[in-house]
Every structure is written in structure tokens, then in C-alpha cells.
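Colleague: Starting off with a structure, shown below.
The values are calculated or read from the model by the stated rules, or taken from the named source; none is laboratory data. Quantities reported herein were computed from a predicted structural model and do not represent experimental measurements. As a convention, Cβ positions derive from the backbone with ideal geometry for all residues, glycine included, and neighbour counts pool all protein chains shown.
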Amino acid sequence: MSTVLIGGFFLLLALSVPIAFAMGLATIGAILAHGSLPMSILAQRTLVGADSYALLAIPFFILAGNLMNGGGITHQIINLANAMVGRFRGGLALTSVTAAMIFSGLSGSAAADASALGKVLIPAMKKQGYGGGFAAALMASACVNGPIIPPSIPLVIYGLSAGKGVSIIALFLGGIVPGILLALSLMVAAYWISVKRNYPVSEAVPIRQIPRLFLPASWALMMPVIILIGVTGGIVTVTESATIAVVYAAFIGFFVYRELSLRTIWPILIQTALDTALVMFIIALSSGFGWLLAVSGTPRALAVWIGSLSSDPTIILMMINVFLLIIGIFMEPLPAMFILIPVLVPVVQAVGIDLVHFGLVMVFNLCLGLITPPVGILLYICANFAGVKLEEESRELGPFLGAGLAVLIIISLFPATVLWLPKLLVGYGQ
């Protein structure tokens with residue numbers, strides 16, 4: 001049964017069948033091959049997969065991000081980021097990375113960040129003399145932070161899929177340090193390239209004016225703070241914090257920045273419905289796929305096989321990292337997570353790897369796939385804004401992808417980079 005399930009899935013992917021349909025059709029094929037399982041299993045598991053109160057956090061976080069994107073915060077954040085780092089060589093490149101890091105705490109989506117920031121910052125970099133390929137590659141790499149710094153849709157999904165013992169609050173807190181490390185590493189790479197190519201310095205904003213720019217941006221910056229204080233303080237659940245984020249984002253857009261109106265809200269709601277439908281459809285159909293995979297005994301057999309290769313947690317984690325990097329080249333993070341979480345969680349549990357640590361490593365690793373051809377969606381979004389071909393953008397990608405891989409190695413080898421904040425603020429693991 002597992003051969004039909006997994007083999008059928010990858011065959012369908014090779015035929016360019018959409019991921020959700022590939023999982024559904026492979027599940028049907030495996031049920032037919034088994035012979036004694038009723039076809040109603042597919043419908044039952046599909047409903048069970050989508051029927052979760054905690055999953056309500058996903059559409060609400062998507063809506064909050066879309067409201068923020070359309071509510072006038074983009075320019076406020078860019079102005080603040082430019083005031084902080086624009087005075088250095090390659091200032092606008094550094095501003096792009098800083099703005100993406102700040103924006104990551106609002107949307108939870110890499111594609112949303114790239115769309116909101118890329119259409120402003122990439123043309124601005126080109127106008128100042130930066131290469132189009134460089135601008136696109138840098139912006140795409142910076143937006144990898146979207147699903148890493150909380151709130152994060154992939155972290156919510158990992159927390160729900162990995163088992164009841166995995167705290168979404170701890171996952172959210174665990175993403176902060178890796179996200180900051182990624183931004184800093186990208187800024188180092190961007191500065192080095194800017195000095196080498198003599199890219200321009202932006203006009204310096206006087207230090208005394210930074211507080212004036214911080215004040216209007218502070219409304220947007222408060223949203224992730226409200227979410228983290230609410231969930232870490234036990235005041236609200238993650239799902240409830242998502243609804244608060246929607247109300248707060250709407251308030252800012254309508255009454256503070258005043259760029260939302262009844263006319264603009266309708267397209268935002270439609271886009272949110274489309275984004276949510278895509279994610280939920282994958283979640284629903286992956287449930288039956290994952291259930292059959294578990295029933296077939298494949299995860300247990302894989303755990304035994306990997307355990308026979310080594311019992312060292314570090315070696316096991318680095319082997320999994322290589323595997324995930326290869327998978328990320330061909331699959332987007334969410335489908336890969338639905339398929340691989342039931343397979344890999346038993347493996348890491350068997351060797352004593354903390355599931356929150358592994359969750360951040362897995363999400364970070366798969367998100368690097370967003371900037372690797374041929375499937376990397378961020379590359380296509382940013383290349384479009386830069387007006388360059390994918391090949392030109394990919395040639396500039398090396399230093400930034402290298403920076404991301406360096407951070408991946410750091411958070412893999414040093415679990416404290418992930419677990420320090422959860423232990424400090426919510427007593428995780430104590």
C-alpha cells in the first residue's frame with residue numbers, strides 16, 4: 001500500500017498534477033490497492049483534517065496580513081527601516097532586509113511580504129543603480145523570514161500536526177532568534193556586495209528624526225507584540241490572538257492610516273478567501289494521505305532504518321536537513337510539511353530531539369526552498385517586479401542562499417538559539 005501511495009504521489013507530481021489533487025488521487029489509489037479499506041475513509045479523513053478549532057487561526061492570520069498590506073503600513077515601515085540603516089553603504093539594500101524582518105511580524109506569509117515590499121523597494125533599488133538581479137534576489141531572500149518570525153502559518157500547522165505535546169506558543173517564540181539571525185546574515189552579505197560594487201549610500205536621516213518616524217510605524221509594530229503578550233501570558237489562545245490581530249489591523253487601516261475603505265475591503269476579503277481555500281484544501285486532502293502513511297507503518301520503518309545508521313541526534317538532524325533541502329527544491333513548504341511531519345516526527349523523537357527545535361529547523365529549511373529554482377515562488381514574484389529573467393536573478397542568489405544555509409546550520413547545531421526564548425518567557429521544557 002505504501003508503495004502505491006508514495007509512488008503514485010510522486011508520479012502525479014511529475015505529471016504536473018497540483019499537490020492537493022496528487023495527494024487525494026494517490027490516497028484513492030492506495031485504498032483501491034489495499035482492497036479491504038472502504039472508500040469512505042477518504043471522505044472521513046478529509047473532514048477530520050479540516051475540522052479543527054485551532055485551524056481557524058490560519059484564515060484570521062491571513063486576513064490580518066492582507067489588511068495590514070492594504071492598510072498603509074508598507075511605507076511607514078520602509079521609512080523607519082531606512083532611517084535606521086540607510087546611512088550605510090548599500091543603504092537601500094539594508095533597508096530592504098530590515099523592512100522585511102519587521103514586516104514578517106505582521107503577515108506570517110513570505111509571498112505577502114514579497115508582494116507588498118517588492119513592488120516598492122525593488123524598483124527603488126534599480127532606480128538608485130542596483131542591479132535588477134541583485135535587487136530581486138535580495139528581496140526574495142529577505143522575505144523568507146515571513147513564515148519564521150511570528151505570527152507564522154507554517155508554525156501553526158506544524159504545531160497542530162506534530163502532536164498535542166508541541167506548543168505553538170513555544171514555536172512562535174522560538175522563531176524570533178532564527179529570524180533575527182537570518183536578517184543579520186543577509187545584511188552582512190548585502191553590505192559586502194554593496195561595498196564591492198560601490199552601490200550608493202542613501203541620504204542619511206538625522207538621528208533626532210528617527211523618533212518622529214517611529215511614532216507612525218509604532219501602530220503597526222504593536223501587532224506582533226500584542227499577539228505574543230496575549231498568547232505567552234495565557235490571556236488568549238493562538239486562534240483568539242488571530243481574531244484580535246484582524247480587529248487591530250482593521251482599526252489601524254480605517255482610523256489611523258486611513259487607507260482602508262468599504263470599497264477596498266471587498267478585494268481584500270476575496271483574496272483572503274482564495275488564500276484560505278488553497279491552504280485548507282491541502283490540509284484536508286493531506287489528512288487521508290498522512291493517515292494511510294501511518295497505517296502502512298512507513299514512518300516506523302523509516303525511524304528504525306535511520307536509527308540503524310546512527311544514534312547521534314546531531315548526525316540524524318543533519319541527515320534530515322540534507323533530505324529537506326532536496327525536497328524543498330521541488331515542493332513548497334506547506335505540502336512538504338503535511339507529508340513529512342508524520343514520517344519525521346517519530347524519527348526525531350526516537351533520538352531525543354526536541355520537537356519545538358525540530359519544528360523551527362524544518363520550517364526554516366523548507367522555507368529556503370522558496371528561493372531555490374525551479375519551484376521557489378519568491379523568485380518569480382521578485383523577478384517580475386525587477387523585470388529580469390529568473391536566470392539573472394538566480395546568478396545573484398549565491399551569497400544570500402549561503403547566508404540562509406549558515407543560519408540553518410547554526411540553529412541545527414545549537415538548539416539554544418531556538419529554545420532560549422521559550423524557556424525564558426514561558427518556562428518551556430521545565
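Colleague: Which residues, taken from segment 234-246, are in a helix (DSSP H, G or I), at pLDDT 80 or above and among the hydrophobic types (A, V, I, L, M, F, W, C)?
Modeller: 242, 244, 245, 246
Colleague: Would you check which residues across segment 1-45 are in a loop (DSSP other than H, G, I, E, B) and closer than 27 Å to residue 375 by Cβ and list them?
Modeller: We begin by selecting, within segment 1-45, every residue in a loop (DSSP other than H, G, I, E, B); these are 1, 15-18, 35-39.
Matches in segment 1-45: 15, 16, 17, 18.
Colleague: Same structure again: Kindly list the number of the only condition in (1) crowded, with 22+ Cβ neighbours inside 10 Å; (2) at pLDDT below 80; (3) outside any helix (DSSP H, G or I) that fails for residue 231.
Modeller: Evaluating residue 231 over (1) crowded, with 22+ Cβ neighbours inside 10 Å; (2) at pLDDT below 80; (3) outside any helix (DSSP H, G or I) leaves (3) as the failure.
Colleague: If residue 376 meets every condition in (1) modelled with pLDDT under 95; (2) within 18 Å of residue 185 (Cβ to Cβ) apart from one, which number is that one?
Modeller: (2)
Colleague: Go through 286, 308 for me and flag whichever is surrounded by fewer than 19 Cβ atoms within 10 Å (Cβ to Cβ) and outside any loop (DSSP other than H, G, I, E, B).
Modeller: Exactly one of 286, 308 is surrounded by fewer than 19 Cβ atoms within 10 Å (Cβ to Cβ) and outside any loop (DSSP other than H, G, I, E, B), namely 308.
Colleague: Can I ask one more? Condition test on residue 333, is it touching a helix residue (DSSP H, G or I) at 6+ places or on another chain (Cβ under 9 Å), crowded, with 19+ Cβ neighbours inside 10 Å and not hydroxyl-bearing (Ser, Thr, Tyr)?
Modeller: Numbers: touching a helix residue (DSSP H, G or I) at 6+ places or on another chain (Cβ under 9 Å): yes; crowded, with 19+ Cβ neighbours inside 10 Å: yes; not hydroxyl-bearing (Ser, Thr, Tyr): yes.
In short, yes.
Colleague: For residue 164, all conditions in the list (1) in contact (Cβ under 8 Å) with a residue 24 or more places away in the chain; (2) surrounded by fewer than 24 Cβ atoms within 10 Å (Cβ to Cβ); (3) more than 12 Å from the chain's Cα centre (by Cα) hold save one; what is the number of the exception?
Modeller: All conditions pass for residue 164, except number (1).
Colleague: Looking at 159, 165 in this structure, which one is farther than 20 Å from residue 78 by Cβ and at pLDDT below 85?
Modeller: 165
Colleague: Quick one: would you say residue 90 is crowded, with 24+ Cβ neighbours inside 10 Å, over 18 Å from residue 123 (Cα atoms) and touching a helix residue (DSSP H, G or I) at 6+ places or on another chain (Cβ under 6 Å)?
Modeller: Here the answer is no, as residue 90 does not meet what is asked.
Colleague: Still on this structure, please answer the following. Take the residues in segment 239-263 that are of a type in the set (Ser, Thr, Tyr) and surrounded by 14 or more Cβ atoms within 10 Å (Cβ to Cβ); name whichever of them is farthest from residue 168 (Cα to Cα).
Modeller: Top of the filtered list is 257.
Here's the yes/no breakdown for (1) at pLDDT 85 or above; (2) under 27 Å from residue 58 (Cα atoms); (3) touching a His at 6+ places or on another chain (Cβ under 8 Å):
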| residue | (1), (2), (3) |
| --- | --- |
| 80 | no, no, no |
| 88 | no, no, no |
| 93 | yes, no, no |
| 111 | no, yes, no |
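Colleague: In addition: Could you say which residue among 388, 347 is hydrophobic (A, V, I, L, M, F, W, C) and over 30 Å from residue 130 (Cα atoms)? First the steps, then the outcome.
Modeller: Numbers: 388 fails: over 30 Å from residue 130 (Cα atoms).
Checking each option against the conditions leaves just 347.
Colleague: Exactly one of these conditions fails for residue 236: (1) surrounded by fewer than 19 Cβ atoms within 10 Å (Cβ to Cβ); (2) more than 30 Å from residue 427 (Cβ to Cβ). Give me its number.
Modeller: (2)
Colleague: Has segment 270-283 got any residue that is among the acidic types (Asp, Glu), part of a helix (DSSP H, G or I), at negative phi and in contact (Cβ under 8 Å) with a residue 24 or more places away in the chain?
Modeller: Taking every residue of segment 270-283 in turn, at least one turns out to be among the acidic types (Asp, Glu), part of a helix (DSSP H, G or I), at negative phi and in contact (Cβ under 8 Å) with a residue 24 or more places away in the chain.
Colleague: Would you check which residues across segment 187-209 are assigned to a helix (DSSP H, G or I), of a type outside the set (Ser, Thr, Tyr) and surrounded by 13 or more Cβ atoms within 10 Å (Cβ to Cβ) and list them?
Modeller: Across segment 187-209, the qualifying residues are 187, 188, 189, 190, 192, 193, 197.
Colleague: Now for a separate question. I want to confirm something. Restricting to segment 384-402 and keeping residues that are surrounded by fewer than 24 Cβ atoms within 10 Å (Cβ to Cβ) and of a type in the set (Gly, Ala, Ser), which single residue is farthest from residue 329 (Cα to Cα)?
Modeller: 387
Colleague: Being outside any helix (DSSP H, G or I) and either over 16 Å from residue 10 (Cα atoms) or touching a Cys at 6+ places or on another chain (Cβ under 8 Å) (or both) is the filter; apply it to segment 311-347 and report the residue that is modelled with the lowest pLDDT.
Modeller: Within segment 311-347, the match that is modelled with the lowest pLDDT is 311.
Colleague: Please pick out the residue among 419, 405 that is at pLDDT 90 or above and more than 29 Å from residue 234 (Cβ to Cβ).
Modeller: Criteria check complete, one pass: 405.
Colleague: Only one of 356, 351, 375 is crowded, with 18+ Cβ neighbours inside 10 Å and either touching a helix residue (DSSP H, G or I) at 6+ places or on another chain (Cβ under 8 Å) or in contact (Cβ under 8 Å) with a residue 12 or more places away in the chain (or both). Can you tell me which?
Modeller: Within the list 356, 351, 375, the selection yields 356.
Colleague: On to the next question. In segment 403-430, what residues are assigned to a helix (DSSP H, G or I) and buried (at least 19 other Cβ atoms within 10 Å of the Cβ)?
Modeller: 403, 404, 407, 408, 411, 412, 417, 418, 419, 421, 422
Colleague: If you don't mind, another one. With respect to residue 364, is the statement that it is buried (at least 20 other Cβ atoms within 10 Å of the Cβ) and either on the phi < 0 side of the Ramachandran plot or basic (Lys, Arg) (or both) true?
Modeller: yes
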